[in-house]
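**Student:** Sharing a structure, written as structure tokens. Questions coming.
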Amino acid sequence: MEEKRSGSGSELKKHILIMKWLKEAQRKKLFPKSVAKTILWLINQGETYGASAKLFNKVTFLHQSGQSDLGDKSDRYRFLLFIETLKSMGWNDVLLPLSEIINIVSKPSTVSAVYTPFETLNIAFSDSDDQLITDMDLYFTGDDSGLPDLLSKCMLNFKIARDKAGVSKVTLRCSNNVEMNLDD
């Protein structure tokens, strides 16, 4: 609404408006405690990355994911929603053989990227109902602080392991229970 009223459309103006709104929501405690963590994460992203944090995309995703019942969707749908959301937030999506991924992630990187081994992707989902039938490993470089929240919002079962070089390995688990497991 504010955009229509003021005629603003630039990324910076959107960013400033969203940051003001988030800080005001936090200050006035407009949302339940379960949402407060997400608001703090969004504020942190906005303060750390400025307009390149793409807060509008993140807030839009959070709103949309809260409007539909992802539990009725297949694992493949929820996985693709996760990847597309990352891409809309500026993450690189890279599909390569596992051997090349291991070589790339062995070098320090601040680039926000998700690396998916195509060997695993080809066999991870059933052809009949698009459910995850085997665990699938994804590798992440860059700031992964928002991954657990996003994975949970996409209702993906996962385990995260981080190495000393800053690479996170997320294992998507093939079960029907939503679980979050962080190993630091």
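**Student:** Among the residues of segment 37-53, is any charged (D, E, K, R), open to solvent by 50 Å² or more (accessible area, probe 1.4 Å) and not in a helix (DSSP H, G or I)? Steps first, please.
**Tutor:** The initial filter retains those residues of segment 37-53 that are charged (D, E, K, R), namely 37, 47.
Narrowing further to those that are open to solvent by 50 Å² or more (accessible area, probe 1.4 Å): 37, 47.
Among the residues that remain, those that are also not in a helix (DSSP H, G or I) are: none.
No, segment 37-53 has no match at all.
**Student:** Also: Taking the stated definitions as given, is residue 13 modelled with pLDDT of 80 or more and exposed (fewer than 10 other Cβ atoms within 10 Å of the Cβ)? Reasoning before the result, please.
**Tutor:** Details: modelled with pLDDT of 80 or more: yes; exposed (fewer than 10 other Cβ atoms within 10 Å of the Cβ): no.
Here the answer is no, as residue 13 does not meet what is asked.
**Student:** Could you tell me whether segment 78-99 includes any residue that is within 17 Å of the chain's Cα centre (by Cα), open to solvent by less than 70 Å² (accessible area, probe 1.4 Å), of a type in the set (D, E, K, R) and over 25 Å from residue 166 (Cα atoms)?
**Tutor:** yes
**Student:** Residue check: is residue 93 charged (D, E, K, R), at pLDDT 85 or above, touching a helix residue (DSSP H, G or I) at 6+ places or on another chain (Cβ under 7 Å) and within 24 Å of residue 126 (Cα to Cα)?
**Tutor:** Working: charged (D, E, K, R): yes; at pLDDT 85 or above: yes; touching a helix residue (DSSP H, G or I) at 6+ places or on another chain (Cβ under 7 Å): yes; within 24 Å of residue 126 (Cα to Cα): yes.
Yes, satisfied.
**Student:** Of everything in segment 144-163, what is over 21 Å from residue 96 (Cα atoms) and assigned to a loop (DSSP other than H, G, I, E, B)? Give them in sequence order.
**Tutor:** Residues satisfying the conditions are 145, 146, 154, 155, 156, 157.
**Student:** If I ask for residues that are outside any helix (DSSP H, G or I) and surrounded by 14 or more Cβ atoms within 10 Å (Cβ to Cβ), which ones from segment 54-77 would you list?
**Tutor:** Let us first name the residues in segment 54-77 that are outside any helix (DSSP H, G or I), namely 54, 68-69, 73-74.
Across segment 54-77, the qualifying residues are 54, 73, 74.
**Student:** Could I ask something else about it? Do you know which of the residues in segment 111-140 that are free of Cβ contacts under 8 Å to residues at least 40 places away in the same chain and assigned to a loop (DSSP other than H, G, I, E, B) is surrounded by the most Cβ atoms within 10 Å (Cβ to Cβ)?
**Tutor:** Checked segment 111-140; the qualifying residue surrounded by the most Cβ atoms within 10 Å (Cβ to Cβ) is 112.
The values are calculated or read from the model by the stated rules, or taken from the named source; none is laboratory data. The structure presented is a predicted model; accordingly, all values stated were derived computationally and were not measured. We place every Cβ from the backbone using ideal geometry, glycine too, and count neighbours over all the protein chains shown. Ligands, DNA and RNA are excluded from the accessible area calculation, which covers all protein heavy atoms including side chains. Shrake-Rupley method; radii C 1.70, N 1.55, O 1.52, S 1.80 Å.
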